[in-house]
Number of protein chains: 2
Amino acid sequence: MTKDILIHQIIEVLERAGFMVSDQCNIRPRSFDLAARQGNTLLFCKVLYNIDGLNEETAREMKSLAKYLNGYPILIGAKTRDQLLEDSVVYMRYDIPALSIQTLYDYFVENVPPLVSAAPGGLYVSIDGDVLKEARMNISMSLGALASELGVSRRTISKYEEGKMDASIDIVLHLEEILDMALAKSIDILRSFEKELDPATVNEDTSERKTPPNDNILNLIYTLGYDVLSTKQAPFKAVSKDTSSTFLTGVSEYSNAMVKRAHLMSSISNVIETQSVFIIEGKSRYKFVEDTVLIERDELNNIADADDLDTLIHERSKRHKGE
Amino acid sequence: MTKDILIHQIIEVLERAGFMVSDQCNIRPRSFDLAARQGNTLLFCKVLYNIDGLNEETAREMKSLAKYLNGYPILIGAKTRDQLLEDSVVYMRYDIPALSIQTLYDYFVENVPPLVSAAPGGLYVSIDGDVLKEARMNISMSLGALASELGVSRRTISKYEEGKMDASIDIVLHLEEILDMALAKSIDILRSFEKELDPATVNEDTSERKTPPNDNILNLIYTLGYDVLSTKQAPFKAVSKDTSSTFLTGVSEYSNAMVKRAHLMSSISNVIETQSVFIIEGKSRYKFVEDTVLIERDELNNIADADDLDTLIHERSKRHKGE
DNA sequence: TGTTTGCACATCTATATAAATGTATTTGTT
DNA sequence: AACAAATACATTTATATAGATGTGCAAACA
């Protein structure tokens with residue numbers, strides 16, 4: 001399948017850029033396909049051959065996860081509609097930046113940021129208004145003269161200089177030729193997401209603690225004093241957070257599928273630098289699966305507060321790493 | 001100009017439907033073009049030859065005004081893109097229903113609601129799932145049989161019955177033919193707006209009182225104890241509200257333009273059933289212009305609280321109507 | 001270990017929308 | 001009344017997006 005080929009290429013690029021990359025999420029339901037970290041930069045990557053396939057629910061979940069864990073959602077693909085993604089262009093899908101592998105490579109490996117963004121009406125470049133104005137002044141060219149030379153209205157040039165309008169690629173090339181200098185502002189892919197966060201979405205997190213989760217066990221964890229962000233499409237049921245620790249939280253009975261999931265959670269938790277915990281309904285055969293700590297529901301019942309649980313997790317995790 | 005022709009036709013339709021219609025707003029900046037009321041139904045109409053020309057700011061203002069005054073925003077036009085608006089179809093522009101004059105006529109004069117809505121992908125009709133299911137059961141047809149008869153998948157029929165999917169017009173016609181009954185749900189134009197209000201927008205109004213307005217005089221009115229919704233594109237500067245009264249609020253120096261504005265405000269206030277007040281910076285030649293009460297800024301300074309101002313407005317308004 | 005169920009995702013289509021911009025009209029100024 | 005400045009709005013274009021739906025794979029089930 002094309003998507004798998006893409007994923008392998010993406011892993012290659014990210015590793016080459018010095019990222020630590022998690023296992024691929026191949027368990028349903030899934031929101032992101034890969035987690036990756038380099039220093040302070042944490043990415044949640046979704047991969048689609050056709051970026052138009054991103055659905056709104058998935059986007060929402062990726063955004064809230066990224067925000068909660070201090071990372072960035074990003075969409076990587078090859079096509080939009082019936083054409084290939086253009087390199088060095090940033091597209092947006094539900095406020096998540098979307099790009100081709102080549103653009104990803106340029107950005108993270110070569111440190112060459114893209115200049116062009118796709119928007120209704122075509123492809124556009126942001127112009128640095130101050131630079132433009134200065135350049136125009138330097139050759140003492142009037143606004144009107146530049147406008148007629150470019151073949152646009154005076155008002156348009158004025159808007160460029162005030163930073164109130166982006167320009168089409170042709171216009172920018174022509175302008176740069178006339179003034180013989182670079183005018184395009186480069187796009188910071190990760191920041192472009194932050195800007196897009198509208199006040200309403202941000203609002204949700206203003207409240208001190210999230211509302212109690214619906215799930216029984218998650219609610220129990222909430223009662224212990226954790227902030228619990230439950231997820232619908234991630235390989236874990238929730239992310240739980242208190243002042244001292246954060247852990248991915250799985251919940252289910254012991255089964256083969258559960259073990260698979262615990263492996264994946266372990267890999268992801270290593271990348272995003274959190275603990276990983278699986279609450280088992282009923283009996284568990286083991287105490288951990290890789291770095292995922294398994295806790296039986298009965299054990300959870302005997303726990304008084306968040307500190308107790310933190311301690312249990314740490315001990316069990318240490319015990320595993322000690323062998 | 002085409003827009004003016006449209007407006008006259010719209011006024012004709014609305015009056016025929018028993019609406020009281022305000023003067024046309026021909027002062028810039030303007031958000032809506034007409035206010036109209038029939039019984040409890042208050043409309044703020046925007047008219048554009050091409051409905052695509054509605055801009056986001058204008059839409060926002062119309063929505064907040066409508067909400068604040070218990071009315072409905074509506075957009076009426078003739079074209080979208082390069083084609084005429086189809087009759088009996090409801091379009092949406094920034095969550096405001098948009099329709100042709102014919103559709104307006106059918107809805108308000110003939111009481112025939114539209115059935116079709118425009119959405120990405122084309123024109124769609126909502127199906128009443130329960131009716132569909134019952135009809136299918138009645139002729140003891142299996143879901144699969146109906147699906148293959150229609151030429152769609154079983155899943156599609158299932159979604160129709162669960163009300164989770166709208167159907168294209170062709171499909172609905174074919175279905176109604178097979179089952180020999182009406183299945184389409186009619187669209188309540190005004191309600192369709194209410195549903196679109198997202199929680200974020202609604203949230204703004206949750207706060208007991210609005211934030212203080214920037215304008216000096218509006219802020220003074222706010223200090224008196226009024227709730228003040230300031231506007232940017234309406235023929236008045238704000239709408240002020242306390243427990244006992246609501247008034248359109250204009251602010252400016254005395255001038256010809258101001259008198260024109262006061263006339264328009266008078267007409268609008270009659271339709272939306274509020275008072276209308278103009279605060280004059282400096283000297284005013286008159287005490288009222290039609291039903292708009294003129295108050296000098298100095299007079300406002302001598303007023304202690306909202307009750308005082310309410311009293312002044314009522315007296316001056318009565319005095320006018322008494323002559 | 002097949003069988004069933006349901007999601008992921010690709011794809012197609014036509015609408016909704018943002019940029020860009022010219023033109024006509026209105027407003028404000030002298 | 002004449003002129004300048006600002007705004008409304010029509011229009012063009014290409015992207016963003018929602019519906020609709022088939023296909024194939026994964027999970028759940030028997």
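Each value in this text was obtained by applying a stated rule to the coordinates, not by laboratory testing. It should be emphasised that the depicted structure is a prediction, and the values quoted were computed from it without experimental measurement. We place every Cβ from the backbone using ideal geometry, glycine too, and count neighbours over all the protein chains shown.
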Cα-Cα pairs above 43 Å in the protein assembly as shown: how many percent?
45 percent
Once label points are set 7 Å from the Cα along Cα→Cβ at both A:T243 and A:N138, what is their separation, rounded to one decimal in nm?
5.5 nm
In percent, how large is the relative contact order of chain B, given Cα pairs closer than 8 Å and 6 or more residues apart?
13 percent
To the nearest 20 debye, what charge dipole does chain B have about its Cα centre, counting +1 at the Cβ of each Lys and Arg and -1 at the Cβ of each Asp and Glu?
640 debye
Relative to the first principal axis of the alpha-carbon coordinates of chain A, what is the inclination of helix A:306-322, with its axis defined by its Cα atoms, in degrees from 0 to 90 and to the nearest 10?
90 degrees
Filtered hits (aspartates and glutamates, Cα-Cα < 14 Å from B:K159, offset >= 8 within chain) -> B:D128, B:D130
Using Cα atoms only, what is the angle between the long axis of helix B:129-138 and the major principal axis of chain B, expressed in degrees (0 to 90) to the nearest 10?
20 degrees
With each label point set 7 Å from Cα along the Cα-Cβ vector, what nm distance links A:S168 and A:E15?
4.4 nm
Would you grab the residues whose amide H sits under 5 Å from the one on B:M20? Only those 5+ places off in sequence or on another chain, please, with H modelled 1.01 Å from N.
B:R37, B:Q38
Mean Cβ count within 10 Å, highest first, over the residues of peptides A:162-175, B:51-64, A:238-251, A:302-315:
A:238-251, B:51-64, A:162-175, A:302-315
For B:K79, counting only lysines whose alpha-carbon sits under 20 Å away and dropping same-chain residues fewer than eight positions off, the answer is B:K3, B:K46
Per its Cα gyration tensor (rounded if a/c is under 1.5, else prolate when a/b beats b/c, else oblate), chain B is best filed as prolate
Two-site FRET efficiency, B:D130 against B:R319, from Cβ-Cβ distance with R₀ of 60 Å, rounded to 0.05
0.50
With the cut-off at 1.5 for a/c, could you classify segment A:212-322 from its C-alpha gyration tensor as rounded, prolate or oblate?
rounded
Segment A:124-179 - Rg (one decimal) and Dmax (whole number), Cα, Å:
9.8, 27
Helix A:56-68 sits at what angle to the longest principal axis of chain A, using alpha carbons and giving 0 to 90 degrees rounded to 10?
80 degrees
Cβ-Cβ FRET estimate between B:Q102 and B:I27, R0 fixed at 30 Å, reported to 0.05:
0.55
Could you tell me the center-to-center distance, by alpha carbons, between segment A:70-132 and segment B:302-323 in angstrom?
60 Å
Over segment A:1-123, what number does the Rg to Rh ratio reach, with both radii from the alpha-carbon atoms and Rh per Kirkwood?
0.93
